[in-house]
Amino acid sequence: MPRRSSMTLALATLLAVLLTTSVASAQNKWTIIPLNSRGLDEAVVLTFKDLLQNEISGRNGAEFVDVASDSRCADVPCAKRVAKRVGADVVVYGALSSLGKNIIVTVSVVDAGAGTPLSTQKITVDKIEDLESAAERIARAILGGTTTSETAELGNITNKESKPAQRREGLSGLGLRVGMLVPLGESYGDGTPGLVTDFSYWYEARSFAIEPRLGLRFDTDTDEGRYFEAVFDVGAYYLLGLGDFASFLGGGGGMRILSESRLITRTEGTIMVSTQEQELDDSAVGPSVFARAGVLLFRTYTLRVALTVDYNVTFAELNNRKNPQSMTAGIGVMF
Amino acid sequence: MRPANTGEGHPAHPTEIPTGARLRPLAWAALLVALPLGCELPEIDEADPTDVCLVTEGDAQLAGQWTLTASGTRSACIDDGYDGDFSLGTSQELHVVQATNDANEELGLEGPLLFSGGSFDLNGSVRGVCVDFSTTETGPSGHVVYRFTGTVSDSGMIRGTFTGDGPSQCATEGTFSVAIR
C-alpha cells in the first residue's frame, strides 16, 4: 500500500477512535428511561425528563429513542436490558425524590453495549422551579465529564445553593482576666512581679475554644526594674470536659510591645574602683508565643470563670538580653 | 594687750587695736572655711590662728596601709552613661610611705603597683595635718586621675574632698576618707 494512503488511513482510524470513546458522541443513540418518582407529581418528573433530553441532544446532537412509559430502572443491568430492547447505545436512568422541602435528583448514564457506567450525577434543589437549572447542569456535567457542582455559574445557581451552608454554633462573648506576671531569668528589667489585665473575645464550642486577646502588663514596684508590655494575640484551647469543672490546654501567638528600664551596676578601675548604678531604657516589638493550662468553671452556664497559668516568650532583644520570658497566672470571667 | 597708760590720764590712740584681737576674726573666718573639711577640725593655734594646718606642731606621720572610701558625682562625660553619682574605694590596702625631701614630707607607694593591663601610682605631700595626694590609674578604662585634699583628724583618719578626670573624660568631685593602719 502506498505510504500516503497508509498515513491517511491511520489518521482516519485515530479520529474515529477519539470520537467513539466520547460520551458526547453524536453517532450514539441515546435513550432516557422514565425516571422514578418518589413523592412528586408525575408531570414534574416527565417535564424534567424532557428538559434533560433537550439539554443533552442540544449539546451533542444525539438521536434519542423512546422507551415505553411504564419502564423504570434503578440499576445498570435493568438499564442495559431496556437499552438493548430499543437499540440505544447510551441509556440514562434515575430518580426524583422528595425529602422534606428538598428534591433530590439522581441520574446515571450507562454504556449499553459494555454495561459500564459512564457518569453518575446528583443535585438537590428546594424549589421545583430549579429543576430546569438542574437539568441543564446535569446535562453539562454528563457531557463534560465533571460534576454538577462544577457546572455552577451565573444564571443557573439554584435557590438552595444561594443560601449559606449551615454551620455548628458555639457560645461566644467578651472576657476579662486579671492576674500576676512573674519575670523569668533577667527578663523584664530584672524586675519584680507585676499586674496582668487582659480583654478578650471568648468563642467556645463543644471541645475547643478560641480567644483573640488584648493584654497589658506592668510592674508595681518602681524601685526595681520597670516594665510595660502590650499583648495582641490569639489562643486556641482544647477543652477536656463537658461539665462545670473542665480543664483545658492550649496556646497561641501574636505580637507584643515591650519596654523596660533596667538598673545595672557599673564598675571601673582595678585599684581605685568606682561603682555606679545606671538605668538603661529599651523597648522592642516582636512576635510572641504562649502555652496555657487552665480550668474552666461553671461551663454549663453562660457566664464562666477560668483559672489560668501561662508561659510566655517574646522574640525580641532588650538591653542586650534576648527573648524575655515570663509566667502569668490569672482569673478570668467570660460573659 | 591693753594700751599703756601715759600717766597723763590719756589712753592710747583709739584706732590702735592689739594684734591678737585684730587677728581673731581672721581666725574665725579660717575656722568657717575649715568646716567643709570634716567633723574633726584642726584645732586653731591660738598662737597663730592662720596656721590651719598646724605646721608648728610638726607634720603628721601617715605612712602605713591606706584604705580609701569616697563618694562623688561625675558630669560632662563623653559617654553620658557615666554621668551621675558614684562611689569610690580601693580594692586593696595601699602601702604608703612618707619621706622627707628638701624639708617637704612626701608621700608615695612603697613600690610600683602593676596589674594586668595597667598600673597605679600615688603621690602626695604632708604639711602639718594637711594632706594633698593624687592617684593615677592607667588601665582598660583609660587614664583616670583623682586629686585629694584633706586633713588628718585626731583619730588618725584623713578626710577631705577630691576632684578627678575620667573615665570618659568625666569631671568628678566628691568627698573621701582614708583609714590608716
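The values are calculated or read from the model by the stated rules, or taken from the named source; none is laboratory data. The shown structure was predicted, so the numbers you read here are calculated from the model rather than taken from an experiment. Note that each Cβ is placed from the backbone with ideal geometry, even for glycine, and that neighbours are counted across all protein chains shown. Note: areas computed on protein heavy atoms with side chains; ligands, DNA, RNA excluded. Shrake-Rupley method; radii C 1.70, N 1.55, O 1.52, S 1.80 Å.
Among residues of the stretch A:297-323 that are under 23 Å from A:Ile264 (Cα atoms), those with a Cβ under 6 angstrom from a residue that is open to solvent by less than 20 Å² (accessible area, probe 1.4 Å) and in a loop (DSSP other than H, G, I, E, B), sequence gap 6+ or separate chain, pair up as A:Thr314/A:Pro324. When A:Phe228, A:Phe290 are checked against the criterion of being open to solvent by 30 Å² or more (accessible area, probe 1.4 Å), under 20 Å from A:Leu184 (Cβ atoms) and assigned to a strand (DSSP E or B), a single residue qualifies: A:Phe228.
To keep it simple, each residue is scored yes or no on (1) outside any strand (DSSP E or B); (2) over 30 Å from B:Ser87 (Cβ atoms).
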residue	(1), (2)
A:Gly250	no, yes
A:Gly254	no, yes
A:Glu279	no, no
A:Arg299	yes, yes
A:Val305	no, yes
A:Ser326	no, yes
A:Ala329	no, yes
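Taking the listed residues B:Ser141, B:Ser87, B:Ser134, B:Ser91, the one that is within 14 Å of chain A (Cβ to nearest Cβ), in contact with a Ser or Thr (Cβ under 6 Å, 6 or more places away or on another chain), free of Cβ contacts under 8 Å to residues at least 60 places away in the same chain and under 16 Å from A:Met272 (Cβ atoms) is B:Ser87, with no other qualifying.
Yes/no matrix, rows are residues, columns are (1) assigned to a helix (DSSP H, G or I); (2) among the hydrophobic types (A, V, I, L, M, F, W, C); (3) open to solvent by less than 70 Å² (accessible area, probe 1.4 Å); (4) within 23 Å of A:Arg137 (Cβ to Cβ):
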position	(1), (2), (3), (4)
A:Gln53	yes, no, yes, yes
A:Ser57	yes, no, yes, yes
A:Asp66	no, no, no, no
A:Ser71	no, no, yes, no
A:Cys78	yes, yes, yes, no
A:Val92	no, yes, yes, yes
A:Ser98	no, no, yes, yes
A:Ile104	no, yes, yes, yes
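Filtered by the rule that a residue be within 14 Å of another protein chain (Cβ to nearest Cβ) and open to solvent by less than 20 Å² (accessible area, probe 1.4 Å), the stretch A:235-284 gives A:Ser261, A:Arg262, A:Ile271, A:Met272, A:Ser274, A:Gln276. Against the condition closer than 20 Å to A:Glu42 by Cβ, assigned to a helix (DSSP H, G or I) and open to solvent by 30 Å² or more (accessible area, probe 1.4 Å), how does A:Glu132 come out, does it pass? Yes, satisfied. Kindly provide the set of residues from the stretch B:154-174 that are away from chain A (no Cβ under 14 Å) and open to solvent by 10 Å² or more (accessible area, probe 1.4 Å), ordered by number. B:Asp154, B:Ser155, B:Gly156, B:Met157, B:Arg159, B:Thr161 - these are the residues of the stretch B:154-174 that are away from chain A (no Cβ under 14 Å) and open to solvent by 10 Å² or more (accessible area, probe 1.4 Å).
Give all pairs with beta carbons closer than 6 Å in which a residue from the stretch B:103-116 that is among the β-branched types (Val, Ile, Thr) meets a residue that is open to solvent by less than 40 Å² (accessible area, probe 1.4 Å); count only pairs at least 6 apart in sequence or on separate chains. Cβ pairs passing all conditions: none. Taken together, A:Ser247, A:Ser274 contain a single residue that is at pLDDT 90 or above and over 39 Å from the mean Cα position of the chain (by Cα), which is A:Ser274.
Would you confirm, using the coordinates I've provided, whether A:Lys122 is of a type in the set (D, E, K, R), under 34 Å from the mean Cα position of the chain (by Cα) and open to solvent by 10 Å² or more (accessible area, probe 1.4 Å)?
Values: of a type in the set (D, E, K, R): yes; under 34 Å from the mean Cα position of the chain (by Cα): yes; open to solvent by 10 Å² or more (accessible area, probe 1.4 Å): yes.
Considered against the rule, which asks whether it is of a type in the set (D, E, K, R), under 34 Å from the mean Cα position of the chain (by Cα) and open to solvent by 10 Å² or more (accessible area, probe 1.4 Å), A:Lys122 comes out as yes.
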